[in-house]
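Only one structure is covered here, and it is reproduced in the block below.
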Amino acid sequence: MHLAVSLDIASTGQAGLTFGEIAALVRNAETASIDMVIISDSLPGDERSSSPFEATTLVAALATVTEKIGLLAAASTVTHQPYNLARRFASLDIISHGRAGWNATMMQAPREAGNFSRPEGFSDDDFRRRTEEYIGIVQGLWDGWDADALLFDKSGGRFHDPEKMHLLDHKGAFFSVRGPLNVARSPQDMPVLALSGLAAADLDIAARTADVMLLEDGPAEGAKARYDDLKRRVMAARHEPDAVKVLTTITLAAAYRPAAVADRLEEQFRAKTCDGFNILIPAQPSVLDDFVDRVLPELRRRGLFRKSYRGTTLRSHLGLVGGGDL
Amino acid sequence: MTGQMKLGAFLWATGHHIAAWRHPKAHVTAGIDIDHYIALARTAEAAKFDMIFCEDAAGLREANVGIASQTSRSIGFEPISLLSALAVQTSRIGLVSTASTSYNEPYGLARTFLSLDHLSGGRAGWNLVTSASPIEAANFGATGLKPHADRYERAREFAVVVTGLWHGGPSGHDGQSFSVRDPLDLPPSPQGAPVMVQAGASDVGRDLAARTADVVFTAAQTFEEAKAFYDDLKGRLAAYGREPDDIKIMPGVAPVVAETEAEAREKFEELQELIPDDVGVALLSSYLSTSDLWRHPIDGPLPELPESEGMKSRQALVIEQSRRDGLSIRRLARHFAGARGHWRIVGTAIQVADELQARFEGGAADGFNVMPAYFPGELDAFATLVVPELQRRGLFRKEYEGTTLRAHLGLRRPS
């Protein structure tokens, strides 16, 4: 199974963690060969965040103190222009040598638009159409340079091959973006896209564009049908049901029984309700320690989780096409 | 100008010389190699530079793809992610990135730079630019570049909102270009507020700098130009209730330095030889905000040009030099290609230090933004040859005075 850990660094009611403390948490997850850590980002809602860090800048820093683990940052389609967001993540992917990803949400954050000169916000339908267009632009920009575009030919005076750099020339209902991106192609071809906050109307968009779907944990009886439905949609859009990994989000409380957690994950995984889990962990080092030291050995003993990373890129960890060293 | 000079290490692609990437000792894969940048940052920090400086554009530098493919400037790191990575790989040096007021929103930019400030323990700075390139505009849905005055009107409001957010406000901003409802959700800056940097040298750009900037980068070739700019800008501060020392003026300098003057000249000529004519002319055209230099004979004089909506101040500088020195398009192109209109010094450490000292003590600069011709070699040369000479003369620090960028620059902590 695939395992992501979501670090809720912005959780309220406690002092924000320092960079050193966050780095220690992520290195701990890396020691356990977790696929990826997802860094949340929150703009002010009714409760104030306690983290001093914005997610993409934090991921850039974390990339320099880790070697294998995937690093996803949440970033909003309202706060960034698509060209800027595509650049930021393309750059993160090069800094991390192919371990970066973007966690995008299909859900509008309630107070966000009001801080970004859009006091009127977006209707749900506009937000959905706009987000789909936005994702298409970002992925199109990420694909603008062919893998062999850079020549570095000093004596011939050819830095890159102009035939292998492609304009996007996108003109849509919400954006027009000419391209190309001024950041090189990712070592894993493209940063990983994980979509969350999915409503029923978003599922086909996710099936067409996402690498990972992050789903809320639902009632057990509907879970298998939900997974089968998603894989059918992925098959229809991509001709390959495994092109998208479906991860179910599980919240770990501060106190839990490791054997019970392992049982629960095994049961849901073996029932084919998901491809793995997104473990939401409060920003307390002891909870991750417990998961790594007591739940993961149990999952490994049952043959359900890797002992070590096989590749070096996030796409490789996730078993996705591309990924450089899959 | 008091005490010691300030120094910035301006990191850009494979080097500031347009043909830098072709030099045998240049690190040609700089744009995809984070370890290269970590090494450069540590070199600059070991030499006690005040800051690393990254420029930025949200698009290609050159519309002509054939020309672009002969330079190394079409790909590179996005600077905020780059500096965030460098923040945890260094401990003292300031980290300044350029970001555009035309293609960002103040709330997001203020928050991102504040995060960089926290990652670095108070070493972040923002270089405000309004973005003059139509290539960038086409990546943001614009059908044409906004007029100079409109861009600056937006920039002024942008700067007011950003500084307000950094200082804990505002409770609701509803202006011409932006509306912001909430204060930032991050703790206050470790240095009071990230450092504000500007580079616009036009009249409206100078006024905006006098009002809001802590540091001003500028291009000035001669002592007289540098001095005139320095006096003009410092003279504008009183109108905004500020002291002359509240702004540090740091002209760009493009040194080529070696153990002997002959070696330095040889090194420079080697670089000049690597510039293809079409690349030089294209670069000159972009600094003049024109596209039809091609139609004129390359060995003839610069034609009359309409005043640009792009970079007014830079255009005037180039035209002035071409008239003064009677340079052909080809010679002007080569001349500007390497230093991009900045001040070039080719010589020994003593010669370079003499020139810097003269401008510093002559009241034409508070410090310099150093633009090495290629990386890593020319940054190393400046750090190992020129910096010790400046230190020997008491003109540059031997140890950092504090831990924040404001402390290095001797700027007051904002209240």
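Laboratory data are not the source of any read-out in this text; all were calculated from the coordinates shown. Being a predicted model, the structure only gives us computed values, none of them experimental. Neighbour counts run over all protein chains shown; Cβ positions are idealised from the backbone, glycine included.
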Average partner chain C-beta neighbours within 10 Å, per residue of A:76-84?
-> 5
With springs only between Cα atoms under 10 Å apart, run a GNM on chain A and tell me which of A:200, A:260, A:32 wobbles the most.
-> A:200
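Using 1/(1 + (r/R0)^6) with R0 = 35 angstrom and r between the beta carbons of residue A:163 and residue A:242, what's the FRET efficiency to the nearest 0.05? Each step should come with its number before you reach the end.
Numbers: r = 33 Å, r/R0 = 0.93.
The computed FRET efficiency comes out at 0.60.
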In straight Cα distance, which aspartates and glutamates are under 17 Å from residue B:6, not counting same-chain residues fewer than 8 positions off?
-> B:45, B:50, B:214, B:245, B:246, B:354, B:355, B:361, B:366, B:389, B:399, B:401
Got a sec? Charge dipole of the protein assembly as shown, +1 on Cβ for Lys and Arg, -1 for Asp and Glu; which of A:291, B:363, A:3 is way out at the positive end?
-> A:291
For the range B:266-358: relative contact order, % (alpha-carbon pairs under 8 angstrom, 6 or more apart) | 33 percent
Over the protein assembly as shown: Kirkwood hydrodynamic radius from C-alpha pairwise inverse distances, Å = 26.8 Å
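Set the Förster distance to 51 Å, then compute FRET efficiency between residue A:260 and residue B:240 from the Cβ-Cβ distance, nearest 0.05.
Once rounded, the FRET efficiency stands at 0.20.
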Excluding residues fewer than 8 positions from residue B:267 in its own chain, the aspartates and glutamates with Cα under 13 Å of it are B:259, B:378
Return the distance in nm (one decimal) between the two label points of a simple spin-label model at residue A:310 and residue B:35, each offset 7 Å from Cα along Cα→Cβ.
-> 2.6 nm
Across 20 Å bins from 0, what is the distribution of all Cα-Cα pair distances for chain A, in whole percents?
-> 31, 60, 9, 0
Tell me, what is the percent relative contact order of chain A, built from C-alpha pairs under 8 Å that lie six or more residues apart?
-> 21 percent
The range A:239-248 - phi-based ³J(HN,Hα) in whole Hz, Karplus 6.51/-1.76/1.60, Gly and Pro as x | 6, 7, x, 7, 5, 10, 9, 9, 10, 8
If you put +1 on each Lys and Arg Cβ and -1 on each Asp and Glu Cβ, how big is the dipole of the protein assembly as shown around its Cα centre, in Debye rounded to 20?
-> 580 debye
Taking the dipole about the Cα centre of the protein assembly as shown, with the C-beta of Lys and Arg at +1 and of Asp and Glu at -1, give me whichever of A:313, A:56, A:182 is farthest to the positive side.
-> A:313
Which value in deg cm²/dmol, rounded to the nearest 500, describes the helix-derived mean residue ellipticity at 222 nm for chain B, given -39,500 (n - 2.57) per DSSP H run of n ≥ 4 and division by the residue count?
-> -12000 deg cm²/dmol
Farthest toward positive dipole pole in chain B [+1 Lys/Arg, -1 Asp/Glu at C-beta], among B:222, B:238, B:296 = B:238
Listed residues B:84, B:179, B:189; largest mean-square fluctuation, Gaussian network over chain B with Cα springs below 10 Å, found at B:179
Computed on alpha carbon atoms, what radius of gyration and Dmax characterise the range B:264-337, expressed in Å?
-> 12.3, 38
Taking a crude spin-label model, label points 7 Å out from Cα along the C-beta direction, the residue B:149 to residue B:272 distance in nm is 4.2 nm
Kindly express, to the nearest 10 degrees and within the range 0 to 90, the angle between helix A:82-95's C-alpha long axis and the longest C-alpha principal axis of chain A.
-> 70 degrees
Additional length obtainable on full extension of the chain from residue B:263 to residue B:231, 0.36 nm per residue less Cα span | 7.9 nm
Footprinting proxy, B:71, A:273, B:29: sorted fewest to most Cβ within 10 Å, the residues are B:29, A:273, B:71
Principal-axis tilt of helix A:258-270 within chain A, Cα atoms, nearest 10 degrees = 50 degrees
Where the centroid of each part is defined by its Cα atoms, how far is the range A:143-220 from the range B:88-128 in Å?
-> 26 Å
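Give me the Å³ per residue figure for the convex hull around the C-alpha atoms of the range A:223-305.
Dividing the Cα hull volume of the range A:223-305 by its residues yields 94 Å³.
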Cut-off of 10 Å, at most 14 other beta carbons, DSSP loop: longest stretch of chain B lacking such GluC sites (Glu not before Pro) | B:1-258
Only Lys, Arg, Asp and Glu count, each charged at its Cβ (+1, +1, -1, -1), so figure out the dipole size of chain A about its Cα centre, rounded to 20 debye.
-> 560 debye
Ranked by GNM mean-square fluctuation in chain B (Cα springs under 10 Å), the top entry among B:373, B:358, B:381 is B:358
If every Lys and Arg gets +1 and every Asp and Glu gets -1 at its Cβ, then about the Cα centre the range B:264-337 yields a dipole, in debye to the nearest 20, of 200 debye
Neighbour-count ranking for B:334, A:310 (other C-beta within 10 angstrom, fewest to most) reads A:310, B:334
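Using Stokes-Einstein with the Kirkwood hydrodynamic radius over Cα pairs, what translational diffusion coefficient do you get for chain B at 20 °C and a viscosity of 1.002 mPa s, in µm²/s rounded to a whole number?
Translational D for this selection: 99 µm²/s.
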Under 10 Å, Cβ to Cβ, from residue A:249 - net charge with Lys/Arg +1 and Asp/Glu -1 | -2
Summed side-chain charge close to residue A:158 - residues other than residue A:158 whose Cβ falls under 15 Å, Lys, Arg +1, Asp, Glu -1 | -3
Plugging the Cβ-Cβ distance of residue B:350 and residue B:316 into 1/(1 + (r/R0)^6) at R0 = 30 Å yields, to the nearest 0.05, a FRET efficiency of 0.35
Run the numbers on chain B and let me know its relative contact order in percent, using alpha-carbon pairs under 8 Å that are six or more apart.
-> 24 percent
Could you put A:227, B:240, B:37 in order, starting from the residue whose Cβ has the fewest other Cβ atoms within 10 Å?
-> B:240, A:227, B:37
